[in-house]
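Quick one: structure below, then a few questions.
The values are calculated or read from the model by the stated rules, or taken from the named source; none is laboratory data. Since the structure is predicted, the reported quantities are computational estimates derived from the model, not experimental observations. Glycine gets a Cβ as well: all are built from the backbone with ideal geometry, and neighbour counts include every protein chain shown. The area values use the complete protein model at the heavy-atom level, side chains included, leaving out ligands, DNA and RNA. Shrake-Rupley method; radii C 1.70, N 1.55, O 1.52, S 1.80 Å.
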Amino acid sequence: MTDFSAVATPALVIDLAQVDRNCARVAAYAADHGLTWRPHVKTHKSAQVAARQLAAGAVGLSCATPREAEVMATVCSDLLLAYPPVGTERLRRTVAVAAQVRLTVMLDSLESATALSEALAAPGASARVLIEVDAGMRRTGVVGVEPAVELARAVAAFPGLTFAGFGFYPGQLR
């Protein structure tokens, strides 16, 4: 479609050929540099775009919220929840997603690890955990090596949780 005069605005219009070219470019860059590609869906919030990213070579998807994870579980079996699910409803939804896909959750406190482990116990579900480390932005994450290692050891002992490594948000590199 090149004549947009009949399109009522506001309207979202996407050039799918350009989306596919962008996905191929990112996938090629990742492959050339020995990296894996896990796009964050908060930029598009579209299962259709996510499916194209996966088809181009993404290894999984990153989500900001349990709701995003619910939607992306329809197209992807390997999700990262980049923020701790806080509160009963978010924990319930997170557990439901964990029962459907391989779920990794980024955590930065003993409280959030305890709550997630307890929520996962009832249905016998499990989740992998990345300990989020503050990489200098003072935004989120455990500050310091020893506290991060302590939290990792605690997570490894919780039922339903598997310590999967460390993660960080390098936003200051922009």
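Can you send over the carbon and sulfur percentage of the accessible area for the chain, probe radius 1.4 Å, protein chains only?
Roughly 57 percent of what the probe reaches on the chain is carbon or sulfur.
Restricted to Cα positions, what overall size does the chain have along the principal axes? Three whole-Å values, descending.
So the three principal-axis extents are 59, 35, 27 Å.
As an exercise, identify the trypsin sites (Lys or Arg not before Pro) in the range 1-66 lying in DSSP coil whose Cβ has no more than 16 other Cβ atoms within 10 Å.
Values: sites: Arg21, Arg25, Lys42, Lys45, Arg52; in loops: Lys45.
Sparse-neighbourhood loop trypsin sites (Lys or Arg not before Pro): Lys45.
State, as an integer percentage, the relative contact order of the range 29-174 based on alpha-carbon contacts under 8 Å between residues 6 or more apart.
Value for the range 29-174: 16 percent.
Just order 9-17, 27-35 by mean Cβ neighbour count inside 10 Å, highest at the front, would you?
So the peptides 9-17, 27-35, ranked by packing, come out 27-35, 9-17.
Would you mind working out the accessible area per residue for the chain, using a 1.4 Å probe, and quoting it in Å²?
58 Å²
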